[in-house]
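Heads up, the thing below is written out as structure tokens.
The values are calculated or read from the model by the stated rules, or taken from the named source; none is laboratory data. Quantities reported herein were computed from a predicted structural model and do not represent experimental measurements. Cβ placement follows ideal geometry from the backbone for every residue including glycine, while neighbour counts extend to all protein chains displayed. For the accessible areas, the whole protein counts, side chains as well, though only heavy atoms, and no ligand, DNA or RNA atoms are used. Shrake-Rupley method; radii C 1.70, N 1.55, O 1.52, S 1.80 Å.
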Amino acid sequence: MEFKRFELSDIENLAPLILNKRSISCENTLANLAVWAPSYEPEIYVDSQDVYIKIEDKNGPVFSLMLCSDLKKSVQKVCDFCKTNNIIPQFLVEDDFLAEYSDIFQNDFFLYEVRSAAEYIYKQSDLAGLSGKKYHSKRNHISAFSKKYDWRYEPLCEGNKTDFLRMADEWYLKNQDKLNGETEIEREGIHYLVENMWKFGAQGGLIRVDDKVVAITLGAAINENIFDVMFEKALPEYQGAYAVINNEFAKTLNHDLINREEDLGIEGLRKAKLSYKPHILLRKYIAVPKRVFESSVNLHLVSFEGETEKSANSFVSSFFGDCFFVQKNGKIISQLFVIDAELNGESVGYIYAAATDKAYQKQGLMGSLIEKVKQIYPRLALRPANERLYSYYEKFGFKTAFYSDVINGIKTENTVKLRKITDLAEFLQLRNSLLPTNSLNLCDKALDFVLEQYEVYAGDNCLAVCYKDGDTLNIRELLYSGEYDGFINALLKAENCNKFVAYMPTETKKIKSGMLYPYDEKINYLGLAID
């Protein structure tokens, strides 16, 4: 197998092969390959009627076989190629091919979901009609827009494409805070697709208010049954414009289904896509050899005191998709996990469970992983396992930014009424209401894992995450507004403990509890870590 970098000149030869794809996914369509190739730089290999696509991921190449006719044969071919080149065979797997892949993989592969890559697919009749109670709010947005503005819809054509592209450029100009290398590729992709509509069968539309274009949309068919909406933009000052362009464009399509692509892990985008009630959430997974997954579990198990085989397997199973690793002969020898978090509205990567096999320590492997992570996340946070490691992470630009306080005594025997928290939504609501400002907060997925692993109690304006260690109650996080003495007494009785130790936020620099890169001079609180 000889892979080559995909180039726009390949489109003509690939067109008859790609147009026959069975999947309803927007992955690897002609239009998406052309638009996003500069971003993820795919390599292709064509074998008769089969197209193999290889994309570099954080831990090596991932192979997409959606354009191959015989999956079993193609999987084996890729595995042979990887063995020859000392590569871990990793495969992109979609929901609609999951059963077929599972039969092929048997028990030799571990699959983990990439939730941010799931595609939202809707019935055309739903988006065009917006009928029923579930679309009540969308109809209200359109009605309010219509009352406020004199607007009209126009299909994209040669006569209005200049106005279309001018509005796209205006959107990017007004969203400077969102611009990065990826969004610049997106902007250029819109221009390219509009200028080459005939080549890709692209369709689009726009909304004018008076003579000004305020919203645009653009996409191309995946096959005769499903249309891919690739881009949708509306000027922020025209509230309701997104709902209008969505609805008007859907009315023009003759396809049964409309694919509105991924949410990229962006919370606001996810909520917006879910609010339209998808008919299908096309989930995606990456399959890795089971031996690679097991080596990650084993490294985690031997590296951290107190871990059991069950707890190590539970953690790695939940977060393997967040693992960055170095492998040798199919065995992970150095790894760290990066869990999504947020600090003051900014996305942060929380580095956790960094470990290197003793036989390969002091070879710079962990440093190489940290530098790789730096290239992906704008800001990073971590909690060193011990005091000695603070100086180690300082070599990579991290500085101490998080502090906490610890208490192990109280002055009262009073108690308050407790309730145990088992529901994630309630846990999130209570915790967010008690977190101090400038706090780093882990993503819902991580906090859900915390809820499964520990006991969580609430009282009057108090919240505690804890576990029992002999006759000592270890309160890993104590959040409160007001008094906490009676709350702790109640916790001790509930867990039948005589002693306790509690960690909680502080406004003074008492106990180091974490580091930040780049450094922020504000004193922040790093809440729950995962262990």
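Å³ per residue of the Cα convex hull, for the chain? Walk me through the intermediate numbers first.
On the way: hull volume 93.2 nm³, N = 531.
That works out to 175 Å³ per residue.
Using alpha carbon coordinates only, what is the Rg to Rh ratio of the stretch 118-190, with Rh defined as the Kirkwood radius?
On the Cα set of the stretch 118-190, Rg over Rh gives 1.04.
Beyond 17 Å, what share of the Cα-Cα pairs of the stretch 65-129 remains, rounded to the nearest whole percent?
Summing the P(r) of the stretch 65-129 above 17 Å gives 53 percent of all pairs.
Can you give the calculated 222 nm mean residue ellipticity of the chain, where each DSSP H run of n ≥ 4 adds -39,500 (n - 2.57) and the sum is split over every residue, rounded to the nearest 500 deg cm²/dmol?
Numbers: 18 runs with 188 residues, N = 531.
Only helices count here, giving -10500 deg cm²/dmol.
If each of Glu521 and Glu413 carries a label point 7 Å out from its Cα toward its Cβ, how far apart are those two points in nm?
Each label point is offset 7 Å from its Cα along the Cβ direction, giving 5.0 nm.
Which of the three applies to the stretch 16-163, rounded, prolate or oblate, going by the alpha-carbon gyration tensor with a ≥ b ≥ c and a/c under 1.5 meaning rounded?
prolate
With +1 assigned to the C-beta of every Lys and Arg and -1 to the C-beta of every Asp and Glu, and no other charges, what is the dipole magnitude of the stretch 237-317 about the Cα centre in debye, to the nearest 20?
Dipole of the stretch 237-317, to the nearest 20 debye: 300 debye.
What trypsin sites (Lys or Arg not before Pro) does the stretch 303-396 have in DSSP loop regions with at most 14 other beta carbons within 10 Å?
Within the stretch 303-396, the qualifying trypsin sites (Lys or Arg not before Pro) (loop, at most 14 other Cβ atoms within 10 Å) are Lys362, Lys395.
Report, largest value first, the span of the C-alpha coordinates of the stretch 403-466 along each principal axis, in whole Å.
37, 27, 20
Average the reciprocal distances over every distinct pair of alpha-carbons in the stretch 127-264, invert the result, and give the Kirkwood radius in Å. Could you put the intermediate results ahead of the total?
Values: mean 1/r = 0.0644 Å⁻¹.
Mean inverse Cα-Cα distance, inverted, gives 15.5 Å.
Determine how large the accessible area of Glu232 is when every protein chain is in place; take a 1.4 Å probe and give Å² rounded to the nearest 10.
In the full protein context, Glu232 sits at about 40 Å².
What residues from the stretch 453-494 fall in the zone where the backbone N is under 12 Å from a label point 7 Å along the Cα-to-C-beta line of Thr422?
Zone members listed by number: 456.
Using Cα-Cα distances under 8 Å and only pairs 6 or more residues apart, what relative contact order does the chain have, in percent?
Worked out over the chain, it gives 13 percent.
May I ask for log10 I(q)/I(0) of the stretch 314-361 at q = 0.30 Å⁻¹, from a Debye sum over the Cα atoms as equal point scatterers with solvent left out?
-1.11
Where does helix 181-195 land angle-wise versus the long Cα axis of the chain, in degrees 0 to 90, nearest 10?
On a 0 to 90 degree scale, this one is about 10.
Mind pulling the angle between the C-alpha long axis of helix 71-84 and the longest principal axis of the chain? Nearest 10 degrees, somewhere in 0 to 90.
Compared with the principal axis, the helix lies near 60 degrees.
Translational D (Stokes-Einstein, µm²/s) of the stretch 290-369 at 10 °C and 1.306 mPa s when Rh comes from the Kirkwood sum over C-alpha pairs?
Details: Rh = 13.1 Å.
For these conditions, the coefficient is 121 µm²/s.
Ratio of alpha-carbon Rg to the 2.2 N^0.38 Å globular estimate for the stretch 358-483, to two decimals, please.
The reported ratio for this selection is 1.32.
In nm, to one decimal, how far is the modelled label at Asp70 from the one at Arg166, with both set 7 Å along Cα→Cβ?
Once both label points are built, they end up 5.7 nm from each other.
Within 10 Å, Cβ to Cβ, of Lys123, how many net charges do the neighbouring residues add up to if Lys/Arg are +1 and Asp/Glu are -1?
Net of charged neighbours comes to -1.
Under a no-solvent Debye model with one identical scatterer per Cα of the stretch 228-353, what's log10 I(q)/I(0) at q = 0.17, 0.21 Å⁻¹?
Reported log10 I(q)/I(0), two decimals: -0.96, -1.22.
For the residue pair Lys271 and Arg388, what label-to-label distance in nm results when each label sits 7 Å from Cα along the Cα-to-beta-carbon direction?
Modelled inter-label distance: 4.5 nm.
Where does the stretch 1-59 land on Rg/Rh, using Cα atoms and the Kirkwood Rh?
When Rh is taken as the Kirkwood radius, the ratio is 0.93.
Exceeding 26 Å between C-alpha atoms, which entries from my cross-link table qualify? They are Lys54/Lys83; Lys147/Lys212; Lys417/Lys445. Write out the running numbers ahead of the final one.
Values: Lys54/Lys83 15 Å; Lys147/Lys212 17 Å; Lys417/Lys445 29 Å.
Flagged as over cut-off: Lys417/Lys445.
So what are the three principal axis dimensions of the stretch 448-531 from its Cα atoms, in whole Å, longest to shortest?
Dimensions of the stretch 448-531 along the principal axes of its Cα atoms: 43, 28, 21 Å.
List the pairs from Lys328/Lys372; Lys233/Lys271; Lys58/Lys399; Lys328/Lys399; Lys399/Lys468; Lys199/Lys271 whose alpha-carbon separation is above 23 Å, in the order I gave them. Could you put the intermediate results ahead of the total?
Values: Lys328/Lys372 18 Å; Lys233/Lys271 17 Å; Lys58/Lys399 25 Å; Lys328/Lys399 32 Å; Lys399/Lys468 32 Å; Lys199/Lys271 34 Å.
As for pairs spanning more than 23 Å Cα to Cα, those are Lys58/Lys399; Lys328/Lys399; Lys399/Lys468; Lys199/Lys271.
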